[in-house]
Amino acid sequence: MQGIFQQYDAGPFFDEMFDKAGKVRPHYGQLLQRFGELEPAEFDRKRVLAEKSYLNQGITFTVYSGDEGTERIMPFDLIPRIIPGDEWAFIEKGLTQRLHALNLFLRDIYHEQKIVKDGIIPGEIIRSAKHFRPELVGFDVPHDIYIHICGSDLIRGADGRYLVLEDNGRCPSGVSYLLENRQAMKRVFPRLFNRYAVRPVGRYPQELLAALRHVAPHGNPDPTVVVLTPGVFNSAYFEHSFLARAMGIEIVVGHDLVIENSRVFMKTTKGLKRVDVIYRRIDDDFLDPTVFRKDSLLGVPGIVEAYRAGNVTLANALGTGVADDKVVYYYVPAMIKYYLGEEPVLPNVETYLSAVDADRKFILDHLPELVVKAANESGGYGMMIGPHASKEEVAKFRDAIIADPRGYVAQPVVQLSRSPCFVDGKIEGRHIDLRPYILSGEKTTIIPGGLTRVAMRKGSLVVNSSQGGGSKDTWVLDEGEGVC
Amino acid sequence: MLSRVADACLWLSRYMERAEANARILDVNIQLLLDFEDQNEGTVQQHWQPILATLEDQELFNEIYEGISGDAVMAFVTFEKKNPHSIISSVTFARENARMVREQISSEMWEQLNRLYLYLLSPAARAAFIDSPIDFYRSLVDSLHSFQGITDATMTHGEGWQFLQVGKFLERADSTSRVLDIKYHILLPFGEQVGGNVDITQWMAVLRSCSAMEAFLKISHGQVTSWGVAEFLILHDTFPRSLRFCVDSLDLALHQISGCGRAHFSNEAERLCGMLRSNLDYTNIETVFSTGLHQYLDQTQLRLIEICDALVKTYCRWLDEE
């Protein structure tokens, strides 16, 4: 190993850059050569440069303490994660297959529920899913696409195999970081890109817009598409406005919209203007106070009625949250076989359902060794990592599982793969995952790579930005062989 | 364009213009103070009090500070977050509005504004201020000018840009009238005469705070008189900070937005603005002084407020419904 990598210890984990013998993996060779030449001080200077550009662009989230909010940037690590071409082809195949099955599943459970009748998934699981919307049964969506934008998180275990950790079929966020990370890397290490054939990511906004235009009501060839945001105080507001800007469309808040005759209009300086497709970054619950949460000030009263009348398309569709349910997740491999007659390309993480008696007994007997997750939480909330949990926490989750078996699942602890990161002047390994962004439009497209999230705290397995996670640029190479 | 966006564009540029006006006024006042050798507590207070009067912030100032001093007034108008009209508050509000319309304005505009905001919050800004207030205010004005230049050079001159113009010229007309009115609040020291040394120095300061000194001298042949300065800052047709120029530009932007010809009006804002514009086109300085300069400026400020209200009613009436 060279330069600042000399002291690097890959540890007992699957390391993205070095193999078990400590030899650099071929697709990282050029990178090691270039970064090996850099002094830590030079590295630090580059890091400050990158962070400053995030700050100046306002790519920040607000942390409130006392009466004043301070704006923080998401920590950005300069060492890219590199995915060889063939490895990516495999991931792409798996994700396309999975999203295809999820969309068929949603079509099915909001219509005939054949998968229940054929005994693949118990009806009770669907009926009791927190985000299942019985009021939408029988309602058709354009082109049968429910999840237009999907983020199915991938991790790699100790053997380097890719596993699906969870599906995000509601409002997966983070794609703006992915795009900005690439910009930052180009600015800070311009010459590095000459040495690698890295697939570009910049077309994502255009592909997103194409997917949104594809599902316009009544096949309207020239629809008005808008982004609906909870507002400027939302922690993901930067991303909402970023995407609107990159697509060249309006960003609206609930108050900008009004419903007349079951049609959606926006309030403009020249009067009311019809809206056809809404890329909404507001959860179902807050979308329409006349149907869902009455106390929501973010939503648009009457929008669900306009939606049901088929006069506006919402992306993602209403009711997709049922597919994010971690109990439903358990059944995704079965769905793939049922709807597509194929073996799943990307396996799930082994999962135990506490709603099943035998599983529950196992879970309660092995709590300190397992990861327990609430079925309907996300963002790293409502979860316990057994080996890192206190006795009180374990006891709390035990009670919770017994009180509400349907509400929890458990999984063995997966030691996520690690990637070298620049931390406090030296290179150390940190656990990472991968959030890809899959678009379902006329065809399924996946932005090459995705957002690699990094658990910046030493030893931590939690990568969520709300829990102090960072990110790094993710490169998919045109060529190359990986391990999977 | 969304009504909410139009409203945000208007206020974004009003706040930026307000920050610039404040920086100019303070810069000139410091320089003016350095022109007078005989300073005691009384004269210092007399020197700074008019600033608070023109900004109409006297009450709030009294709540926060004990007694008027140069440092207190500068801190209040520059860094005081409790003062909604301070430079830091103006830039903060401008940035909040810019955040709401980030997809409308160019990234370059946003970054310039955001850099300025981050700088004002940083210890570096305080240090620069302590080191040399004059340089500090100059660099602020520079930075705000860059924003104007970037805006003109990088943003489509469509409806959003026109609303920025509306905000800019409304605020600039207002601030020119206030700067001119400062003289009304400044008492001449005992024994000094109208047209005397101190009086002329003060009028020159008024010119400087509008960046009008050089332009004025070109046409006045070196004669600085109250009438001359007032005429220049109110009625000059092509100086970009004169009231007449600002109202004319405001009128143009309003007609660009509606698409209505300039000899007519299609809404109340255009009607009111057209009347003010024609008043400025056809009045003369004798009439202004016979009305009374202070009264004339006061009326003009009220008319600007009416135009702004009518504008919001025309284009952003949806916003009132909530």
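Coordinate-derived values only; no laboratory data. Fair warning: this is a prediction, and the values are worked out from it, not measured in the lab. As a convention, Cβ positions derive from the backbone with ideal geometry for all residues, glycine included, and neighbour counts pool all protein chains shown.
Each label was represented as a point 7 Å from its Cα along the Cα-to-Cβ direction; for A:GLN6 and B:THR156 these points are 5.7 nm apart. Hey, how much of the P(r) for the protein assembly as shown falls beyond 39 Å, as a percent of Cα pairs? The answer is 49 percent, as a whole percent. Within region A:329-389, the chymotrypsin sites (Phe, Trp or Tyr not before Pro) that combine a DSSP coil assignment with at most 14 other C-beta atoms in a 10 angstrom radius are A:TYR381. As a size descriptor, the averaged projected area of the C-alpha convex hull of region B:238-322 was calculated at 6.3 nm². In sequence order, region A:78-88 has phi-based couplings of 7, 8, x, 9, 10, 10, x, x, 6, 5, 5 Hz under the Karplus curve 6.51 cos²θ - 1.76 cosθ + 1.60, θ = phi - 60°, and Gly or Pro positions carry x.
Taking label points 7 Å from Cα along the Cα-to-Cβ direction, A:ASN56 and A:SER390 give a separation of 4.4 nm.
Across the alpha-carbon atoms of region B:1-154, the computed radius of gyration and Dmax are 16.5, 57 angstrom.
Based solely on its DSSP helices, what 222 nm [θ] is calculated for chain B when runs of n ≥ 4 H residues each add -39,500 (n - 2.57) and the sum is averaged over all residues, nearest 500 deg cm²/dmol?
Result for chain B: -25000 deg cm²/dmol, rounded to the nearest 500.
Bridgeable aspartates and glutamates around A:LYS117 (alpha carbons under 18 Å apart, same-chain partners fewer than 8 residues away excluded): A:ASP108.
Counting only residues at least eight positions apart within a chain, or on another chain, the lysines with an alpha carbon under 28 Å from that of B:LYS218 are B:LYS168, B:LYS183.
Legend: translational diffusion of region A:352-412 by Stokes-Einstein, Rh = Kirkwood radius over C-alpha pairs, 37 °C, 0.692 mPa s; D = 296 µm²/s.
Could you give the longest part of chain A that holds none of the trypsin sites (Lys or Arg not before Pro) found in DSSP loops with at most 16 neighbouring Cβ atoms within 10 Å? Free of exposed loop sites, the longest segment is A:295-442.
The GluC sites (Glu not before Pro) of region A:354-402 that meet both conditions, a loop assignment by DSSP and at most 16 other Cβ atoms within 10 Å of the site Cβ, are A:GLU377. Ranking B:ASN62, B:GLY42, B:VAL77 by how far each Cα lies toward the positive end of the dipole of region B:18-119 (charges on Cβ) leaves B:VAL77 at the top.
Can you flag which of A:LYS46/A:LYS426; A:LYS93/A:LYS337; A:LYS52/A:LYS472; A:LYS426/A:LYS458; A:LYS337/A:LYS361; A:LYS267/B:LYS82 are past 22 Å Cα-Cα?
Table pairs above 22 Å Cα-Cα are A:LYS337/A:LYS361; A:LYS267/B:LYS82.
With r defined as the distance between the Cβ atoms of A:ASP140 and A:ASP424 and R0 fixed at 41 Å, what FRET efficiency is calculated, to the nearest 0.05? My answer for the efficiency is 0.15. Averaged over peptide A:263-270, the number of partner chain Cβ atoms lying within 10 Å of each residue's Cβ comes to 6. Each stretch of four or more DSSP H residues adds -39500 (n - 2.57); spread over every residue of chain A, this sum gives -8500 deg cm²/dmol at 222 nm. 3J(HN,Hα) along region A:302-310: x, 5, 5, 5, 4, 5, 5, 6, x Hz, from the Karplus curve 6.51 cos²θ - 1.76 cosθ + 1.60 with θ = phi - 60°, whole Hz, x for Gly and Pro. Taking a straight Cα-Cα cut-off under 15 Å and skipping sequence neighbours fewer than 8 places away in the same chain, the aspartates and glutamates within cross-link reach of A:LYS114 are A:GLU124.
In loop segments of region A:1-105 as defined by DSSP, the GluC sites (Glu not before Pro) with at most 11 further C-beta atoms inside 10 Å of their C-beta are A:GLU37. Net charge dipole, the protein assembly as shown: roughly 2080 debye, given to the nearest 20, about the Cα centre with Cβ charges of +1 for Lys and Arg and -1 for Asp and Glu. The slack in the chain from B:ALA263 to B:GLU214, taken as 0.36 nm per residue of separation less the alpha-carbon distance, amounts to 14.3 nm. Partner shielding of B:115-121 amounts to 2, given as the average count of beta-carbon atoms from other chains within 10 Å of each residue beta-carbon.
Over all other residues within a Cβ to Cβ distance under 14 Å of A:ASN261, the charged ones net out to +1, with Lys and Arg as +1 and Asp and Glu as -1.
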